[in-house]
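Read through the structure below, which is laid out as C-alpha cells, and then see the notes.
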Amino acid sequence: MNAAKAFFGSTIGQKVVMAVTGLILFGFVLGHMAGNLQVYAGPTKLDEYGALLRKMPAALWGARLLLLGSALAHVWAMLSLTKLNMDARPTGYRVETYKKSDYASRTMRLTGITLGAFIVYHILHLTTGTVHPNFVEGAVHNNFVHGFQVPLVSGFYIVAMLCLGLHLYHGVWSFTQTLGLAHPKYDMLRHAAATAFAALIVAGNISFPVAVLAGIVKPAPPQIASTATTAPAGALSTSGR
C-alpha cells in the first residue's frame, strides 16, 4: 500500500495514469467515430448498430464503467500534476516563455474543460434526449440527423472537435514521451503520428455535422424511421444508443 501510494503520488506515477487512461480514451474516440461513419452507408445502418449494442448490456455497461473510470482517473492525474507543478514553483516565472511548448500543450486545460462540457451536453443531447426536442428512443439515425440540423448545435460540435484535435495531438505526443521515445531520432515520427491521429479523428467527426447541414445525410424515410422506433430501449453514448 505504501509503495502504491508513493507511486501514484509521484510525477512518474501520475504521468503513467495519464498515459494509460489516455490510451483507453483514445481507443474509444476512434471506435466511436468508426461506428458513426456507418451513417454514410444508409439510413438503416446506425439503427442496426444501436440495436446490436443494446443486445449486449453487460458489455455495454462494462464499457461505460471503464470509460467513466478512465475519464475520472485522467482528470485526477491532470489536477495532481498541475498541483505538483504549482507547488514546485509557487511564484511562477517573472516573464513567461514558451520555448519548449506549443499551442496544443499550452491549451490542454482549456480544451479539457471544453471537452468536459461538450461530453455532458452530448450525452444529454444524443443519448438521453433531454435537450433534443426531436429525440425518439431507438431512432438512432434520425436523432443523429435532426440533432445536427440545428446550426448552433453543429457549430458547438465542430468547435469541440477542434479542441479534441489539439488535446489528442498533445496527448499522443506526451504518451510517446512517457514511453521513453522523446529523442531527436524519433521526434519527427512522434510529430507525424500525433498529427495523423488527431487529423483523422477531427476530419471524421466534423464530417458528420457538415454532411447533415449540406444535405448529404438526410432523415430516414418514414417507413424506416417507424421500424427503428420498435427496437428495445437503451443507449450507449450518442445518437440514442
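Laboratory data are not the source of any read-out in this text; all were calculated from the coordinates shown. All figures in this text were calculated on a predicted structure; none of them were measured in a lab.
The table that follows gives values for the structure above.
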quantity	calculated
Separation between Cα centres of region 106-175 and region 21-83, rounded to whole Å	13 Å
Relative contact order (%) - region 2-228, alpha-carbon pairs under 8 angstrom, separation at least six	27 percent
Contour minus Cα-Cα distance for Thr11 and His191 (0.36 nm per residue)	62.4 nm
